[in-house]
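Worksheet: the structure to be examined is printed underneath.
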Amino acid sequence: METKTNAMRILSQQKILYKDHYYSSELTNGEEVAKALNEDPKHVYKTLVTIASDKRNYVFVIPVSKNLDLKKAAKVINVKSLEMIKQKELLPLTGYIHGGCSPVGMKKLFPTIFDSTITQYENIFCSGGRVGCQIEINPNDLIRIVKGKVADVIVEDKDD
């Protein structure tokens, strides 16, 4: 039995159902993580932290196999521009390290936007709050707990 992460404690306190899944902490690529979990990468989401031109931080949760469209994302949150924060800024800002950043349980509740693909699934996977741990959760519960919004924020593939 692994010890509960901050994200798991919050979900449990709020009586939100989730299932924890573990994999090798040497895997940091989201698609490799999906494979290790035997899941379709479309069901596995990554948490990205950005800084906007207004100097505020925003969190985006998108499928691991996709890229954040910074222009679309900036438009959604009504700012001029947006960029990814530097990796070394992640831990002091969120309390999480790269590869283990969960949308649940950051030091502060940042405005959080989930890519619209999330509503297509009964359950999705996202970081459980440490490298090597994913939580399987109903997307509506996840959106509700972080007071998130849903919008189209990913780069469109030519074959989609």
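The values are calculated or read from the model by the stated rules, or taken from the named source; none is laboratory data. What you see is a predicted model; the values in this text were computed from it and never measured. FYI the Cβ positions are ideal-geometry reconstructions off the backbone, even for glycines, and counts take in every protein chain you see.
Quick check on the range 93-134: of everything there that is of a type outside the set (G, A, S) and in a helix (DSSP H, G or I), which residue is farthest from T50 (Cα to Cα)? Result: Q120. Go through the range 64-78 and report how many residues are more than 13 Å from A151 (Cα to Cα) and touching a strand residue (DSSP E or B) at 6+ places or on another chain (Cβ under 7 Å). Residues that pass the stated criteria total 3.
Taking residues in the range 105-120 that are without any contact (Cβ under 8 Å) to a residue 24 or more places away in the chain, and partners anywhere that are of a type in the set (S, T, N, Q), the pairs with Cβ atoms closer than 7 Å and at least 6 places apart or on different chains are K107/T94. Could you look through the range 67-92, keep only residues that are in a strand (DSSP E or B) and touching a helix residue (DSSP H, G or I) at 6+ places or on another chain (Cβ under 9 Å), and pick out the one that is nearest to V131 (Cα to Cα)? Out of the qualifying residues, it is M84.
Within the range 101-129, if we keep just the residues that are out of contact with any Phe, Trp or Tyr (no Cβ under 7 Å at 6 or more places or on another chain) and either at pLDDT below 95 or among the polar types (S, T, N, Q) (or both), the residue that is surrounded by the fewest Cβ atoms within 10 Å (Cβ to Cβ) turns out to be Q120. Criterion first (closer than 16 Å to I135 by Cβ, outside any helix (DSSP H, G or I), out of contact with any Gly (no Cβ under 7 Å at 6 or more places or on another chain) and modelled with pLDDT under 95) does K4 satisfy it? Yes. Among the residues examined, E26 qualifies as more than 20 Å from P111 (Cα to Cα), at pLDDT below 95 and exposed (fewer than 13 other Cβ atoms within 10 Å of the Cβ). Within the range 37-66, the set of residues being over 23 Å from G105 (Cα atoms) and either surrounded by 17 or more Cβ atoms within 10 Å (Cβ to Cβ) or in contact with a helix residue (DSSP H, G or I) (Cβ under 6 Å, 6 or more places away or on another chain) (or both) comprises E39, P41, S65, K66. Here N140 clears all of (1) within 15 Å of the chain's Cα centre (by Cα); (2) assigned to a strand (DSSP E or B); (3) over 18 Å from E39 (Cβ atoms) except the condition numbered (2). Against the numbered list (1) buried (at least 17 other Cβ atoms within 10 Å of the Cβ); (2) of a type in the set (D, E, K, R); (3) part of a helix (DSSP H, G or I), D20 comes up short only at (3).
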